[in-house]
Amino acid sequence: MPQENWNILMVVLSTVSPDVRVEKEARYLASKGHTVTVIGTNPKGNLDNEEKRDGYTILRVPSSKKLFFKYFEFWKNVKNLVGKNQYDIIHLHDLNVLPLATRLKKNAKILVYDSHENFPEQMSETFGFLGLWGYSWVERYYIKRVQGIVTAGITYSENLKRKYKVESSWIANYPSRKDVEAAHKKNIPKEYTTDKKFRVVHFGVMYHNLGYFKTVEAAKILSEKFKPTELEFLVMGSGTSLEPMEQLIEKYNLSKYFNVTGWMNYLDALSIMRSCDVGLILFQPGKNNFLRIPNRLYEYCSAGIPFIGSNFEGLRRATLGIDNLGILIDPTSPQEIADAIIILMQDHERLEDMKKTASEIYTNKFNWETEIVKLEEEYKKIFLKLKEN
């Protein structure tokens, strides 16, 4: 069996920061004495090509192509950078990096595929059946070329087993205590603490299938019952739905009910969440969203707030056996969203009980430090299996 202090290479088609899952895995492994290098991209050329952070090294390669061409450019640049270097483990993050399994197989003792989400199903929402078929074909072919598979949740692992008859372990993408503690040391800006508004937060990347327009429609219903001094929607994030959402807010004359911050530093966002009363998770119907396990669920819990969320399998499975943590609704119905908000606004005792549950489940389960130990164990299992064979 290889030495306990492994030489590990991680590869991800992003700038690495802010790819929270990759950063947390690399930081943890480095803290355990392993040598960790992460290869990412430098699309605008304005980042350091080499960076030391939290005990690990980030190397970035140029990335100028668009659409599918960026994949081939990235794979070529990574292969050239790796050269003849040898690693104990090469850890490939997500499907757009998985094809490197054949190109780098001689550079590693074991190859591990880390599936962050149901990538083919996600692509089908943009490219239809051809997207689903094409990306599934790629995943089916290359997933057989790795020695180990980890995913970000149980529904992802079950989906891979159903589609390709492969086994995998899952490591949930819980927030790190280190990040949460750093966030909670920050002072919450006075604008979030000096009023007595009931504050509803919708946090995260903003795409059309994540329910941001439904938030506005629910706010329109609630504006007929509550004043802007009583209710506020805090939207923290950026993406393609940001501008259309702002236009819809203007159209309905709801500006006084909304605080749309745009992109916000992750730690600042975690800090400000503490001033909120409930968080929204409004994934809309879609092949990926039905099974998707939302990171924002765990982030809301780290702030001690319950959720109102889509009644889909992913969210149901993530909260299975946990009572009094949130309210599941039909995410396509603004009326159901509004009704759930009213319930929590008017039942203070229930809201406080749910906040207590959120804090407790974060402390006892929904944190990275209790979860990430699975990764080293998975590596050891793979090495042991290879030794036995």
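The values are calculated or read from the model by the stated rules, or taken from the named source; none is laboratory data. Given the structure is predicted, the values throughout are model-derived calculations rather than measurements. A quick note on method: Cβ atoms are made from the backbone with ideal geometry, for glycine too, and the neighbour counts reach across all protein chains shown.
Scan the stretch 225-270 residue by residue and report those that are hydrophobic (A, V, I, L, M, F, W, C) and outside any helix (DSSP H, G or I). Outline the logic, then answer.
Taking the stretch 225-270 first, the residues hydrophobic (A, V, I, L, M, F, W, C) are 226, 231, 233-236, 242, 245, 248-249, 254, 258, 260, 263-264, 267, 269-270.
Across the stretch 225-270, the qualifying residues are Phe226, Leu231, Phe233, Leu234, Val235, Met236, Leu254, Phe258, Val260, Trp263, Met264.
In the stretch 83-108, which residues are part of a loop (DSSP other than H, G, I, E, B), surrounded by fewer than 20 Cβ atoms within 10 Å (Cβ to Cβ) and of a type in the set (S, T, N, Q)?
Asn85, Gln86
Which of the strands (runs of 3 or more DSSP E) contained wholly in the stretch 22-75 include at least 3 residues that are among the hydroxyl-bearing types (Ser, Thr, Tyr) and either within 23 Å of Gln86 (Cα to Cα) or not assigned by TED's automatic domain parsing to the domain that holds Thr126 (or both)? Spell out the reasoning first.
Values: elements: 35-42, 50-53, 56-62.
Ranges flagged: 35-42.
What is the number of the single condition among (1) in contact with a Cys (Cβ under 9 Å, 6 or more places away or on another chain); (2) in a loop (DSSP other than H, G, I, E, B) that Val201 does not meet?
Only one criterion is unmet by Val201, namely (2).
Contact list please: Cβ distance under 6 Å, first residue in the stretch 54-70 and farther than 14 Å from Ile8 by Cβ, second residue of a type in the set (A, V, I, L, M) and not in a strand (DSSP E or B), pairs at least six apart or on different chains.
Qualifying pairs under 6 Å: Arg60/Leu47; Val61/Leu81.
Here is a check on your reading of the model: is His116 under 30 Å from Asn389 (Cβ atoms), at pLDDT below 95 and assigned by TED's automatic domain parsing to the domain that holds Leu13? Spell out the reasoning first.
Numbers: under 30 Å from Asn389 (Cβ atoms): yes; at pLDDT below 95: yes; assigned by TED's automatic domain parsing to the domain that holds Leu13: yes.
Yes.
Looking for something in a helix (DSSP H, G or I), assigned by TED's automatic domain parsing to the domain that holds Leu384 and on the phi > 0 side of the Ramachandran plot - is there at least one such residue anywhere in the stretch 123-136? Step through it out loud before you land on a result.
Taking the stretch 123-136 as the starting set, the residues that turn out to be in a helix (DSSP H, G or I) are 123-136.
After this cut, where a residue has to be assigned by TED's automatic domain parsing to the domain that holds Leu384 as well, the list is 123-136.
Next, only the ones that are on the phi > 0 side of the Ramachandran plot stay: 128.
Checked against the condition, which is being in a helix (DSSP H, G or I), assigned by TED's automatic domain parsing to the domain that holds Leu384 and on the phi > 0 side of the Ramachandran plot, the stretch 123-136 yields at least one hit.
Condition first: within 23 Å of Lys24 (Cβ to Cβ), modelled with pLDDT under 95, surrounded by 15 or more Cβ atoms within 10 Å (Cβ to Cβ) and of a type in the set (Gly, Ala, Ser). Can you find one or more residues in the stretch 62-82 that meet it?
Within the stretch 62-82, one or more residues are within 23 Å of Lys24 (Cβ to Cβ), modelled with pLDDT under 95, surrounded by 15 or more Cβ atoms within 10 Å (Cβ to Cβ) and of a type in the set (Gly, Ala, Ser).
So, in the stretch 160-190, exactly how many residues are out of contact with any helix residue (DSSP H, G or I) (no Cβ under 9 Å at 6 or more places or on another chain) and not in a loop (DSSP other than H, G, I, E, B)?
At the first step, the residues of the stretch 160-190 found to be out of contact with any helix residue (DSSP H, G or I) (no Cβ under 9 Å at 6 or more places or on another chain) are 161-162, 165, 181, 190.
If we keep only those that are not in a loop (DSSP other than H, G, I, E, B) too, we end up with 161-162, 181, 190.
So the count comes out to 4.
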